Ligand SMILES: Cc1cc2nc3c(=O)[nH]c(=O)nc-3n(C[C@H](O)[C@H](O)[C@H](O)COP(=O)(O)OP(=O)(O)OC[C@H]3O[C@@H](n4cnc5c(N)ncnc54)[C@H](O)[C@@H]3O)c2cc1C
């Protein structure tokens, strides 16, 4: 195998955790198959991130330093990636399935003439095929998908792999790219932040989520206290988004965000399949619910049966004292 190309998405001058997870998986495949891992960093802070990319397994780092890439216009990024695809001719192009990746991958597929296996939870190169598993139908079923094309793009669900530090060669390739020529007619007017609380939901390693059991401002305050004690992001079910307690950007599930943190605490959430579709991949799930028959307990690693208004203060206090 020649090489594997990974696009590393950045946010707030850091490489996203979900991108490092994909890089780690690609390093593993490359070590087994004797291939190189090349990565693309395109942002104002690309230079400062070369070392981190190398420490997670990058052999070659295409560093394109331009703050305009921080603005999320898809046309220049698709143009840049398709150029680097033609330089590298990689066996596999992999990227985290972020909202930005979803925006760019169709265009990249057409420009580079490569098929896409989107939104997969595992992937591999097996003989002359790229094989992957893709959760479908609100994650109730797993589809096994494959492509025998010589080069294939995969986008990978966050949390599917662990980010494991493993030194690559880290050779920097200064790639010159004409941003203005590829930008087309799109103009970026504004970037609205979707953070609820202090931590970004899609990158968080701990998420505390509210369901309809959280009934009022008092319940919200208890949940926020637990989240800030744990340094967690705050999520929500559609029920509490629809009743106005939480913004739509916090919604997790089939029609919201898909998260897979190390720890997911479901507070007053029944466990409807449409919600579970967005969090079932979390490593450890803790459910707090007063109904011992609530379906969420079928997915939980640990369950606490009781009133969240009594449990949250005690849990927060115990964590503060530990
Ligand atoms: C097409 C479609 C798409 C959807 N997409 C999504 C989606 O993306 N995300 C999503 O979340 N939903 C989605 N839904 C809605 C989904 O079906 C459920 O209605 C919703 O997830 C229920 O939210 P909930 O668990 O907060 O509320 P409920 O189902 O009402 O559950 C509330 C839970 O809180 C517990 N409780 C109540 N009081 C307390 C207390 N004091 N202490 C402890 N526990 C308490 C109750 O026992 C109950 O189990 C979708 C539905 C459809 C049809």
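The values are calculated or read from the model by the stated rules, or taken from the named source; none is laboratory data. For clarity, every value in this text was computed on a predicted model and none was experimentally measured. Positions of Cβ are backbone-derived with ideal geometry, glycine not excepted, and every protein chain shown enters the neighbour counts.
Below is a table of values for the structure above.
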| item | result |
| --- | --- |
| Scope the stretch 225-244; condition in contact with a strand residue (DSSP E or B) (Cβ under 7 Å, 6 or more places away or on another chain) and farther than 20 Å from residue 283 by Cα; matching residues | 238, 240, 241 |
| Residue count, the stretch 296-309 (criterion: free of Cβ contacts under 8 Å to residues at least 60 places away in the same chain and either within 8 Å of the ligand (Cβ to nearest atom) or outside the structural domain of residue 231 (by TED's automatic domain parsing) (or both)) | 3 |
| Listing of strands (runs of 3 or more DSSP E) fully contained in the stretch 138-183 that carry 3 or more residues being closer than 27 Å to residue 64 by Cβ and in the same structural domain as residue 7 (by TED's automatic domain parsing) | 152-156, 171-174 |
| Out of 20, 114, 92, 77, sole residue that is touching a strand residue (DSSP E or B) at 6+ places or on another chain (Cβ under 7 Å), at pLDDT 95 or above and within 26 Å of residue 201 (Cβ to Cβ) | 77 |
| Complete set of residues in the stretch 249-291 that are at pLDDT 95 or above, more than 6 Å from the ligand (Cβ to nearest atom), surrounded by 23 or more Cβ atoms within 10 Å (Cβ to Cβ) and in a loop (DSSP other than H, G, I, E, B) | none |
| Members of the stretch 210-219 that are within 13 Å of the ligand (Cβ to nearest atom), farther than 14 Å from residue 289 by Cβ and free of Cβ contacts under 8 Å to residues at least 60 places away in the same chain | 216 |
| Candidate set from the stretch 198-248 (those that are in contact with a helix residue (DSSP H, G or I) (Cβ under 6 Å, 6 or more places away or on another chain) and either more than 22 Å from residue 316 (Cα to Cα) or not assigned by TED's automatic domain parsing to the domain that holds residue 308 (or both)); member that is modelled with the lowest pLDDT | 203 |
| Elements of type helices (runs of 4 or more DSSP H) contained in the stretch 6-89, each with 2 or more residues being more than 27 Å from residue 259 (Cβ to Cβ) and in contact with a helix residue (DSSP H, G or I) (Cβ under 6 Å, 6 or more places away or on another chain) | 74-88 |
| Residue match in the stretch 216-228 (condition: within 21 Å of the chain's Cα centre (by Cα) and buried (at least 21 other Cβ atoms within 10 Å of the Cβ)) | yes |
| Qualifying residue in the stretch 229-239 (condition: in a loop (DSSP other than H, G, I, E, B), more than 13 Å from the ligand (Cβ to nearest atom), surrounded by 20 or more Cβ atoms within 10 Å (Cβ to Cβ) and at negative phi) | yes |
